[in-house]
Structure formats: structure tokens, C-alpha cells
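First comes the structure, then the notes that go with it.
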Amino acid sequence: MRTATLLIACGLTACGAATPERTEPAPVVGSCPAQDAPDGVHAVLAWQADSELSGLQEGSPALCDLDEDGQPELIAPIAPPPPARARIQVHDAVNGTLKWQTRLLQKDDFGTPLCVDADADGDLDVLTSGRSGDVRALDGRTGDVLWTLSDGDESFLAGGNTYSVVPVGERLLVVQGGGGGPAEGGIVAPDVPGRLLLFARSGGVLGSWPAPDDEEMYGTPAVLATDTGWRIAVGTGGERLGGSIHLLDLDRDGSSFTARGALRSSCETGGFISSPMFGDLDGDDVSELVAVDFCGTVHAAALDGTVRWTATSDIPYGTSNPLLADLDGDGRLDVVAAFESLNISFREQTAANPTSLIGAWRGTDGAPLWSHTTPGWIFASPVSADLDGDGTEDVVLPETGAGAGGPRLVARSGRTGEVLYQRDEGETASTPVLADVDADGHLDLLYVDALPDDGAVMPRRLEFCGVPHDANHSWSGFRGSRHDGVRAAPGAR
């Protein structure tokens, strides 16, 4: 039994003393059987932990070794409905024991936490973002607030929601979404454009790029290293605007952004809500851009925005991030994307019985590989691993089902899209993480779920049994604290 300290953080200081240390009973831990597993893909529930909150989970978890013991922690953002505030919970990723938690001054946390050293003490800390419009740095060992990007400036917070923080060299990027104008007919007319912020790991804004034409911004930027710095792709749009993916250059030591091209969406409204990805689609060691727009089109483009191919889903509303993975074993990346017919993001109920589609397209030319419809909607983004041992990537995605289908977690064959494994689960917009956290040779799936009966939000770990994982999914080889949406992209630049 381990001890955990509960800390409640407010602004730049703790609001009251931390509660005394208390023992937290470790959740019951399941594991794969020692004997040979039965045929097919199956999994056991290793642990689940109660957040004591309810709601639709929107933030996604991350894995980091915060206490430098050689074992990862699961950093889980918990997003209850108002008036409750968001919470970050940190669990031992192996057995689920709570290490610390802290409440945030925001309604929920949209993004994936990022682990960086935010106070130059040599230890990893946790950066979070969300509806507050701020970025907060939390001490990785205690959850205490180290700094906020707003530094107490209320006018900064008027810039709108912040999304996942991403590293760019030794500095950091975050999107602040904009908006905040008067509503007409239920649709918000933005009076503050979105902006991309460059800031230091110790806090403090270094530079910014405002979205053109008063467009809003919703997703996380993609970053690609170049010979002189970084190529950045960031999406724009709005409830009244079509939007684009803008391609920008940032010099290695500079703080200003230079426009290098744009990829226009096929939408009259919405633009790009999901995050773009970079990956080498044609095997020439030069990356392409992949993006999914709100009205159902998958775009593949060169690094200046020149279109290589497009593919259109039979079901509109793309809000999930695309996945790039080798699905057919040809050594090249393919594209997976999900769409849903219920336009919840823009508060317009377009279908009484929503239907979602998950599809795959060949990376070289956009030829369809497979597609499957499913009842309900999909908010989360797919991740991948070879679950059945056939040498190609399979796809895992939470599907927020409706009616008889019910909410579920589904693993699909990368070759055909057919279901390999299904587990009835709760409603979630949380993208899972795949990694072998206990180094036993079995892949683990870590995610945050909202149970259908009472809405209780539960961080969980599943362990897939039977097929040994590939080396890319060992914990020691897990690069970074967030899933970057790309698997098996050697040499891409």
C-alpha cells in the first residue's frame, strides 16, 4: 500500500494547506495468464481508479516517469461538467495507485498533458491547458503550481481555450483558440481571432502568430524539424468561416513566424478542428502533411500546401485527429480517420440517431483501403499497434455508441477494418496511449473513461494478452509524453 498526498492548487499558490498524507488502497491488478493465450485478440483489465467525479471525458492521458524510478506514471486529465473544476490525477501506470492530484481553475482540460522541466531543477513537470485560456505548469512530484502563462493577466485569458502544448526545440507552442463574440441563433461570432503562442519552458511568451481573417483555432499544431528550424502546421476555421491549414516556418533561434503556404478546407464553416500530422507517405524520406477537415475530407499535401490527393467520407464532421500507420505491410504509411454525423462540436444536432465512420486510405494516392460505419459518435482519435501478430498495424479507438450498440472500445484489423476485440465501455473523447508499461512483453492500453451508468470518470489500464509487442512500444523506447499520431515513419524529415 502506497501513500499519496492530495494537493489543491489555486492560481500561483496553494489555497490552504495540503491535506495530510493518506493511504490509498491500490486497485485490484489483473494480468495476462501465464499459459498460452487463446486464439484471437483479447485483454484483461489490469486496474481502474475512481476520480470521484462524473462527466464526459475530453482530455487525453500521457505517460511520463515523473519520479525517475524507471517506471512510468499516467497523467490523467479529468473533465467534470460545470460547476466542478478540472483535475489532474497522477497514477502509477503499472498498478494504478494514486500519487497526487490537483484541481485546476478551469472547467475542463481539452488536451494531452506535456512533461517538461518547467523550473530548471532537472526534474520533469506537467503542463496542462484547457477552457481557462491559460497554460499551467505543475510540479511533477507534488502537483503544486509552478507558473501560469498568463502570469495573472486577466486580459490574456480572453484569448480563448488553449489546447495541447507541443515542444519546438527547447521552446514550446500552444494554440489559444479565440472567439468570445456575441451569439446569433446559437452560433458564436468571434471577436478575438485565434493565435499560436511561442513560449519558454519556464513561462513567458516569446512570440505569436494571429490567425488571418479573424479565424478561430481549435487543434494542436504539428511540428517538423528542418535544416534551419521548424515547419509548423496549424489549423484554423470557425463557426462561420471555412478555415485552412497554415504552414509556417520558425527559425531555430527566432521568435517570429514566416508563412510558407496554406491548404484550404472544403468547408463553408468549420475548417480544421482536428490536428494535422506530418509523415512520409510515399517513402522518399520527405514528409507530407495530412489533415482532416470538419466537413469530411481527408487532405494529403506537400510541405507548401500543394494538394497530393483528397478523399471524402460518406459521413461528415471530422473532429478526430488522423493516424498514420502501415496498415497493409508495404512499408509505407497509410491514413486512418474517423467521422461522426452528430455535429456536437458546433451545437447543431443534425441527426437523431448519429452514425460514425472509421476509414483507411492508402498513403501514396488516397485509394480507399476499407471503411466501416458504427452507431453513435466518435470524439477520440485512433492509435495503433500490431495486436494480432500479422506484421501490420491494427487500430484502437473508443467509440461512443448509441442505442443497442452502446459505448465501446474497439480494436480493428489494420488490413480489413474488421473488429478484432471489443469491450463495452463508457462515453469518452479521450485518446488512449499504447505502451508496455510493466515490461512484461504485453501491450498495455491506458485511457480515461466515463461509465455509462453514473458517468463516473475512471482512469484505466488494459493489458493485451497473447501476442508479444514490437520494440517500438516498450516503455524504455516510448518517445515523448504524447502520442504523435504517426507509427513507423523512418527517416521522414
Checklist outcome for this item: In region 268-322, anything basic (Lys, Arg) and modelled with pLDDT under 95 is listed as none
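Filter region 66-80 down to the residues that are under 16 Å from PRO113 (Cβ atoms) and open to solvent by 30 Å² or more (accessible area, probe 1.4 Å) and list them by number. Can you show your working first?
Taking region 66-80 as the starting set, the residues that turn out to be under 16 Å from PRO113 (Cβ atoms) are 66-67, 72-79.
Scanning region 66-80 gives a single hit, ASP67.
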Item to check | Contacts under 7 angstrom Cβ, first residue in region 37-64 being modelled with pLDDT of 85 or more, partner among the aromatic types (Phe, Trp, Tyr) and open to solvent by less than 60 Å² (accessible area, probe 1.4 Å), 6 or more apart | outcome: VAL41/TYR421; VAL41/PHE464; HIS42/TYR421; ALA43/TYR421; ALA43/PHE464; PRO61/TYR447; LEU63/PHE478
Checklist outcome for this item: Those residues of region 148-182 that are more than 23 Å from the chain's Cα centre (by Cα) and hydrophobic (A, V, I, L, M, F, W, C) come to a total of 2
Checklist outcome for this item: The correct count of residues that are in a loop (DSSP other than H, G, I, E, B) and of a type in the set (S, T, N, Q) in region 352-377 is 2
Item to check | Hits in region 277-292 - residues which are open to solvent by 10 Å² or more (accessible area, probe 1.4 Å), more than 13 Å from ARG362 (Cα to Cα) and not aliphatic (A, V, I, L, M) | outcome: PHE278, ASP284, ASP285
Next on the checklist: Cβ contacts < 7 Å: first residue acidic (Asp, Glu), restricted to region 308-335; second residue surrounded by 24 or more Cβ atoms within 10 Å (Cβ to Cβ) and outside any strand (DSSP E or B), any location; separation 6+ or different chain. Result?
Outcome noted: ASP326/LEU333; ASP326/GLU393; ASP334/LEU327; ASP334/GLY363
Checklist entry - If you go through region 71-88 one residue at a time, how many are at pLDDT 75 or above and not in a strand (DSSP E or B)? => result 3
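In region 135-177, which residues are among the charged types (D, E, K, R) and either part of a strand (DSSP E or B) or under 17 Å from SER255 (Cβ atoms) (or both)? Explain how you work it out, then say what you get.
Step one: filter region 135-177 for residues among the charged types (D, E, K, R), giving 136, 139, 141, 144, 151, 153-154, 170-171.
Selection gives ARG136, GLU170, ARG171.
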Checklist outcome for this item: Contact list, first residue from region 221-238 and of a type in the set (Lys, Arg), second anywhere and in a loop (DSSP other than H, G, I, E, B) and open to solvent by 20 Å² or more (accessible area, probe 1.4 Å), beta-carbon distance below 8 Å, six or more apart or interchain, is ARG231/LEU303
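Filter region 293-308 for residues that are more than 22 Å from ALA259 (Cα to Cα) and either assigned to a strand (DSSP E or B) or open to solvent by 50 Å² or more (accessible area, probe 1.4 Å) (or both) and give the result. Write out each step before concluding.
Step one: of region 293-308, the residues more than 22 Å from ALA259 (Cα to Cα) are 294-298.
Residues satisfying the conditions are THR297, VAL298.
Filter region 315-325 down to the residues that are touching a Gly at 6+ places or on another chain (Cβ under 8 Å) and not small (Gly, Ala, Ser), then identify the one that is surrounded by the fewest Cβ atoms within 10 Å (Cβ to Cβ). Can you show your working first?
Of all residues in region 315-325, those touching a Gly at 6+ places or on another chain (Cβ under 8 Å) come to 315-318, 321-325.
Now restrict to residues that are not small (Gly, Ala, Ser): 315-317, 321-324.
Values: ILE315: 22, PRO316: 19, TYR317: 29, ASN321: 28, PRO322: 25, LEU323: 31, LEU324: 29.
It comes out as PRO316.
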Item to check | Selected residue (only one of ASP304, ASP285, ASP253 is over 15 Å from MET217 (Cα atoms) and in contact with a strand residue (DSSP E or B) (Cβ under 7 Å, 6 or more places away or on another chain)) | outcome: ASP304
Next on the checklist: Return the residues of region 245-274 that are of a type in the set (Ser, Thr, Tyr) and open to solvent by 10 Å² or more (accessible area, probe 1.4 Å); say none if nothing qualifies.
Outcome noted: SER255, SER256, THR258, SER265, SER266, THR269
Checklist entry - Here are some residues: ALA402, ALA380. Which one is outside any strand (DSSP E or B), surrounded by 18 or more Cβ atoms within 10 Å (Cβ to Cβ) and modelled with pLDDT under 70? => result ALA402
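Could you check, for region 200-212, whether at least one of its residues is at pLDDT below 85 and assigned to a strand (DSSP E or B)? Explain how you work it out, then say what you get.
Step one: list which residues in region 200-212 are at pLDDT below 85, which gives none.
No, because not a single residue in region 200-212 is at pLDDT below 85 and assigned to a strand (DSSP E or B).
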Next on the checklist: Out of SER476, SER481, I need the residue that is at pLDDT below 80, within 22 Å of the chain's Cα centre (by Cα), farther than 30 Å from ASP282 by Cβ and not in a strand (DSSP E or B). Which one?
Outcome noted: SER476
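Suppose the filter is modelled with pLDDT under 90, closer than 24 Å to MET217 by Cα and buried (at least 22 other Cβ atoms within 10 Å of the Cβ); does SER155 pass it?
Working: modelled with pLDDT under 90: yes; closer than 24 Å to MET217 by Cα: yes; buried (at least 22 other Cβ atoms within 10 Å of the Cβ): no.
Taking the combined requirement at face value, the residue does not satisfy it.
Restricting the search to region 118-134, which residues are closer than 13 Å to LEU66 by Cα and part of a strand (DSSP E or B)? Walk me through it before giving the result.
Taking region 118-134 as the starting set, the residues that turn out to be closer than 13 Å to LEU66 by Cα are 118, 121-127.
Those that are closer than 13 Å to LEU66 by Cα and part of a strand (DSSP E or B): ASP125, VAL126, LEU127.
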Next on the checklist: Just the residues that are surrounded by 24 or more Cβ atoms within 10 Å (Cβ to Cβ) and modelled with pLDDT under 90, please, taken from region 326-347.
Outcome noted: GLU340
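The values are calculated or read from the model by the stated rules, or taken from the named source; none is laboratory data. Computed from a predicted model, the values in this text were never measured in an experiment. Please note: Cβ atoms are built from the backbone with ideal geometry, for glycine as well, and neighbour counts cover all protein chains shown. Only protein heavy atoms, including side chains, enter the accessible area calculation; ligands, DNA and RNA are left aside. Shrake-Rupley method; radii C 1.70, N 1.55, O 1.52, S 1.80 Å.
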